[in-house]
Amino acid sequence: MVEERAQGGSRKHQVIVLAGPSGSGKSHLADRLDLPVLRLDDFYKEGDDPTLPRLDLAGGDPIVDWDHPDSWNAAAAVTAIEELCRTGRTDAPVYDLATSSTTGHRVVELAGAAYFVAEGIFAQEIVAECTTRGLLADAVCVTQRPVVTFVRRFSRDLREHRKPPFYLVRRGLHLLTEQREVVARAKRLGCRVLSPHAAYDEIRALTG
């Protein structure tokens, strides 16, 4: 429930964390909800960061595992969420997936909205911390059938030139086999698992 702050009477904003496998429809759902959105995928690490995890796949040399939480800056994401909840405004990075680099920034403002969405493939990793800090309104993992997700993801990544096609095929086949575990992990970390349609209805009911 949204509460009033003790000092100054300012409204306390809360976050709706939106998780799910890559290609499951998180971004589309976030746009449909007509709420301010913080894109958590913009908090990826730089492509030359030595701490990036790597993955051995069939058909070539090891590749950076951009689907591992260690490729992402969870602390910076939580800081931005807390700032939005506290002040209604934050300066967020803009990340280019094609070049694996931060290319700019954008100001996210709530403009009086009581709720906002934080969506990304690692969103489940910060549910516990957001709960501990009293920031969380809801946490949802959206999912569809693995084959549907594979096709949606591959088509999107090709269209947006996110990575070379051969890389996308290798990554996509790997994620196809991992999807059920990704969803199960999100559930273990505190997310409710819903279809995009059900998630839309339930979040709209929460936000009015």
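Tabulated data
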read-out: No Cys partner within the rule (Cβ under 4.7 Å), the chain; value: CYS85, CYS130
read-out: Nearest-ten-degree value, helix 196-207 long axis tilted from longest Cα axis of the chain; value: 20
read-out: Reachable lysines, given that their alpha-carbon falls under 21 Å from the alpha-carbon of LYS163 and they are not under 8 places away in the same chain; value: LYS26, LYS45
read-out: Debye intensity ratio in log₁₀ form over the Cα atoms of the chain, taken at each q of 0.12, 0.16, 0.17 Å⁻¹; value: -0.61, -1.08, -1.21
read-out: LYS45, LYS187, LYS26, LYS163 arranged by Cβ crowding within 10 Å, fewest neighbours leading; value: LYS187, LYS163, LYS45, LYS26
read-out: The chain, relative contact order in percent, only Cα pairs under 8 angstrom and at least six apart counted; value: 31
read-out: Crossing angle, helix 165-188 versus the chain [Cα axis fit, 0-90 degrees, rounded to tens]; value: 40
read-out: Exposure proxy order (Cβ contacts within 10 Å, fewest to most) of LEU35, LEU136, LEU206; value: LEU206, LEU35, LEU136
read-out: Likely footprinting exposure, VAL108, VAL94, fewest C-beta neighbours within 10 Å first; value: VAL94, VAL108
read-out: Förster radius 30 Å - calculated FRET efficiency between ASP201 and ASP70 (Cβ-Cβ, nearest 0.05); value: 0.30
read-out: Stretchable slack from HIS105 to THR87, in nm (0.36 nm times residue separation minus alpha-carbon distance); value: 4.7 nm
read-out: With Cα atoms, 0 to 90° folded angle of helix 146-159 axis to the chain main axis; value: 90
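The numbers here are math on the coordinates, done by the rules we state, and not lab data. The structure displayed is predicted, hence computed values, not measured ones. Heads up, the Cβs are rebuilt from the backbone with ideal geometry, glycines too, and the neighbour counts pull from every protein chain shown.
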